[in-house]
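What follows draws every value from the coordinates through simple rules; no lab data is involved. This structure is a prediction, so every number in the text was calculated from the model and none was measured. All Cβ positions, glycine included, derive from the backbone under ideal geometry; neighbour counts span all protein chains shown.
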Amino acid sequence: MEGRTSNEISSAEAVFVGALSSGVNAPTWFVLKTTFLLLAFCFTAMLSLAFFSSYFAIVGHVLLLVTIGTVLFVLLNRFLAETGLVPVEHQMKEMGIHKTEATVKDKRN
């Protein structure tokens, strides 16, 4: 914390700002990719358990979930490839909570 300047933003703050404002910033996209990776891991475990069960209709349902997750991830990737990532500072300015403005106001008071 001591070496941190007032313009640096933590990852948690960046994800929070990204969730509330328009556009997608890099930390939010990293969290989404990590979430999809963990979802793929869970689906792989579910699929392996479904293959070893005696009720094979569950395999179709798990494959449907895998398909939905894959399509959603591909669509998000294509959307971001077209629009690009938005800097966190731009999102904070758009919301009116830019840190440099807040620190200048605090110094005046």
Could you calculate the contour length gain from Leu80 to Glu13, that is, 0.36 nm times the residue separation minus the distance between their Cα atoms, to one decimal place in nm? 22.0 nm
Convert each backbone phi in segment 74-80 into a coupling constant with the Karplus relation 6.51 cos²θ - 1.76 cosθ + 1.60 (shift: θ = phi - 60°), then list the ³J(HN,Hα) values in order as whole Hz, x for Gly and Pro. 5, 5, 5, 4, 5, 4, 5
Provide the FRET efficiency to the nearest 0.05 for the Leu65-Trp29 pair, computing r from the beta carbons and using R0 = 35 Å. 0.95
Can you run phi through the Karplus equation (6.51, -1.76, 1.60; θ = phi - 60°) for segment 47-57 and list ³J(HN,Hα) in whole Hz, with x for Gly and Pro? 5, 5, 5, 5, 5, 8, 7, 7, 9, 7, 5
